[in-house]
Structures are given as structure tokens and as C-alpha cells.
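One structure below.
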Amino acid sequence: MTYRLYYWPGLQGRGEFVRLALEDAGAAYEDVARGEGAKAIMDMVGSAGGRAPFAPPFLVDGETLISQTANILAYLGPRLGLAPPDEAGRAVAAGLQLTLADLVAEVHDTHHPIASSLRYEDQREAAKARSGDFLARRAPKYLGYFEKVLTGAGGAFMTAGGHTYVDLSMFQVLEGLAYAFPRHIGTNEGRWPALAALRQRVARRPRIALYLASERRIPFNETGIFRHYPELDAD
Ligand SMILES: N[C@@H](CCC(=O)N[C@@H](CS)C(=O)NCC(=O)O)C(=O)O
């Protein structure tokens with residue numbers, strides 16, 4: 001069965017968390033809107049009636065339509081061999097993924113603190129204030145937390161017992177932060193050595209390394225969640 005992933009074409013965005021899981025597992029999937037355009041998303045939403053998702057990403061698996069990034073990963077994890085084997089472990093993984101989703105939402109708000117519907121240029125001053133607080137307080141709080149989780153789980157994986165979709169998402173967040181805030185991450189990454197090692201470990205996974213070097217990996221850009229605006233970066 002080929003999974004059908006629906007996400008805006010041209011950006012990594014939240015769709016990337018799902019792509020990384022599918023790629024790491026070597027799963028057959030179609031990145032529908034990259035082939036058919038964004039209209040495919042609208043068409044699917046329009047035809048789904050009461051099952052319509054609020055926003056992409058969403059995944060279609062046969063007759064099943066699943067929305068919300070963390071929920072998609074909770075669904076895919078066991079099917080792709082990327083989840084803890086027991087229910088309690090899967091609940092822990094889901095909690096971590098939802099915490100990553102909270103962080104991702106805060107990253108989005110560094111460049112769009114007032115409204116998603118406004119251009120960045122129209123909220124630049126507020127974005128500077130928001131980014132300053134994010135880098136001074138929120139990013140270290142989240143990263144310090146994930147470092148503690150990682151070391152508490154043995155240092156190699158985010159959940160005890162092995163590699164899961166949470167490791168892939170953690171990798172993506174670290175990559176994204178390094179893209180968006182290179183000065184800040186460059187100055188501070190020594191504070192989170194276990195996370196730095198996880199980032200390298202995931203990048204070296206054979207299917208991930210191939211994916212990252214392929215055209216399927218859309219480069220980070222200023223339409224995604226992790227955007228590089230030099231004026232928002234700080235030591
Ligand atoms: N909590 C949702 C957020 C989904 C979301 O915000 N999707 C964005 C693209 S990354 C979108 O298209 N939003 C449209 C909207 O909120 O109106 C998730 O994690 O999947």
C-alpha cells in the first residue's frame with residue numbers, strides 16, 4: 001500500500017516530520033501536492049466531508065485519513081517499525097512528539113508573532129522582540145528539557161529501547177534551529193551535547209543520508225517554519 005502524504009509543495013514545513021519517518025522506513029509514499037499541485041490538497045479537503053482535516057499535513061492510507069502531525073506519526077510509528085513496542089512507551093513517544101509540536105509552533109511565532117496572514121515584513125519589529133525572548137528563554141528551556149530526556153533514556157535515543165520517529169523529529173528540529181538561528185546555535189550547541197550527537201547519528205542513517213542528498217529533500221527556505229532572517233538571530 002502506498003501512503004499518500006498531503007502537504008504544501010515547495011517547503012519542508014510540518015510535512016517534513018512525516019516525510020522523514022516514511023523515508024527512514026523506506027516506505028512507499030506519494031508526496032501528492034508536489035506532483036499534482038496545492039489544488040490536490042483543496043480537492044481532498046473538499047471531498048472528505050465530515051472527515052476533512054483542518055490543515056495539512058494529512059495522510060491517506062487506503063480509506064483512512066489522518067490529520068495532525070503528531071497523530072500521523074503515532075499512527076505510522078508502529079506500522080513503520082519506528083515506535084516503542086509497548087503501549088506505555090508509545091504514549092511516552094506521543095507526549096514527546098506533542099512537546100516538539102509546541103516548540104515548532106513557537107518557532108513559527110518568532111517570524112509571525114502577530115498574525116500568520118500578515119507578511120513577515122509587516123511584523124518585523126514584533127518578530128525581533130519575540131525572537132529575542134525565544135532565544136534567551138524558550139529555546140534553552142525546550143532544548144535543556146530534551147537533553148535531559150535523551151540522557152535519561154540512555155543518551156542515544158529519545159525513548160528507552162531504540163530509534164523511533166521522535167528521534168527523526170528531534171533531528172529535524174535541530175536542523176531547523178541551526179538553519180534559522182546559526183549564530184545562536186553555533187554559540188550555544190555545546191550546552192546540549194547529547195542532542196548534538198543524536199543529530200549526527202540520525203544524519204548518518206543510510207536512508208536518511210540518501211534522502212538528505214536527494215531532490216526529495218526540499219531545502220530550508222523562507223516559506224517554511226524554520227526561516228533564516230539574520231536580524232532575528234542573536235548570540
Ligand atoms: N497542529 C497541526 C498544525 C497544522 C498547521 O498549522 N498546518 C499549516 C501548515 S504547516 C497550515 O496549513 N495551516 C493552515 C491554517 O492554520 O489555517 C499539526 O501539527 O499538524
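Okay, residues lined up against (1) hydroxyl-bearing (Ser, Thr, Tyr); (2) at pLDDT 95 or above:
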| site | (1), (2) |
| --- | --- |
| 151 | yes, yes |
| 172 | no, yes |
| 182 | no, yes |
| 206 | no, yes |
| 234 | no, no |
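Residues are listed down the side, and each one gets a yes or a no for (1) closer than 23 Å to residue 112 by Cα; (2) of a type outside the set (D, E, K, R); (3) buried (at least 20 other Cβ atoms within 10 Å of the Cβ):
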position	(1), (2), (3)
143	yes, yes, yes
150	no, yes, yes
153	no, yes, no
161	no, yes, no
178	yes, yes, no
182	yes, yes, no
187	no, yes, no
192	no, yes, yes
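Just one of (1) touching a residue at least 12 places away in the same chain (Cβ under 8 Å); (2) among the hydroxyl-bearing types (Ser, Thr, Tyr); (3) assigned to a loop (DSSP other than H, G, I, E, B) fails for residue 116. It is (1). Scanning the stretch 195-235 for residues that are touching a helix residue (DSSP H, G or I) at 6+ places or on another chain (Cβ under 6 Å), of a type outside the set (A, V, I, L, M, F, W, C) and farther than 25 Å from residue 27 by Cβ gives 227, 228, 233, 235. Pairs are defined by a Cβ separation below 8 Å, a sequence spacing of at least 6 or placement on different chains, a first member in the stretch 143-162 that is at negative phi, and a second member that is part of a loop (DSSP other than H, G, I, E, B) and among the hydroxyl-bearing types (Ser, Thr, Tyr); the pairs so defined are 157/164; 158/164.
Test residue 77 against the criterion of being surrounded by fewer than 20 Cβ atoms within 10 Å (Cβ to Cβ) and in contact with a helix residue (DSSP H, G or I) (Cβ under 7 Å, 6 or more places away or on another chain), and give yes or no.
Values: surrounded by fewer than 20 Cβ atoms within 10 Å (Cβ to Cβ): no; in contact with a helix residue (DSSP H, G or I) (Cβ under 7 Å, 6 or more places away or on another chain): yes.
So residue 77 fails the test.
Out of the residues in the stretch 124-141 that are surrounded by 19 or more Cβ atoms within 10 Å (Cβ to Cβ) and without any contact (Cβ under 8 Å) to a residue 40 or more places away in the chain, which is farthest from the chain's Cα centre (by Cα)? Residue satisfying both the conditions and the ranking: 130.
Is at least one residue of the stretch 115-138 under 30 Å from residue 61 (Cα atoms), more than 15 Å from the ligand (Cβ to nearest atom) and touching a Ser or Thr at 6+ places or on another chain (Cβ under 9 Å)? Scanning the stretch 115-138, I find no residue that is under 30 Å from residue 61 (Cα atoms), more than 15 Å from the ligand (Cβ to nearest atom) and touching a Ser or Thr at 6+ places or on another chain (Cβ under 9 Å), so the answer is no.
Only one of the numbered conditions (1) more than 20 Å from residue 77 (Cα to Cα); (2) surrounded by fewer than 21 Cβ atoms within 10 Å (Cβ to Cβ); (3) aromatic (Phe, Trp, Tyr) is violated by residue 157, and that is (1). Listed by first and then second residue, the pairs with beta-carbon distance under 9 Å, at least 6 apart or on different chains, first residue in the stretch 215-235 and farther than 17 Å from residue 106 by Cα, second basic (Lys, Arg) and assigned to a loop (DSSP other than H, G, I, E, B), are 220/227; 221/227.
The values are calculated or read from the model by the stated rules, or taken from the named source; none is laboratory data. Not measured: the values here are computed from a predicted model. A quick note on method: Cβ atoms are made from the backbone with ideal geometry, for glycine too, and the neighbour counts reach across all protein chains shown.
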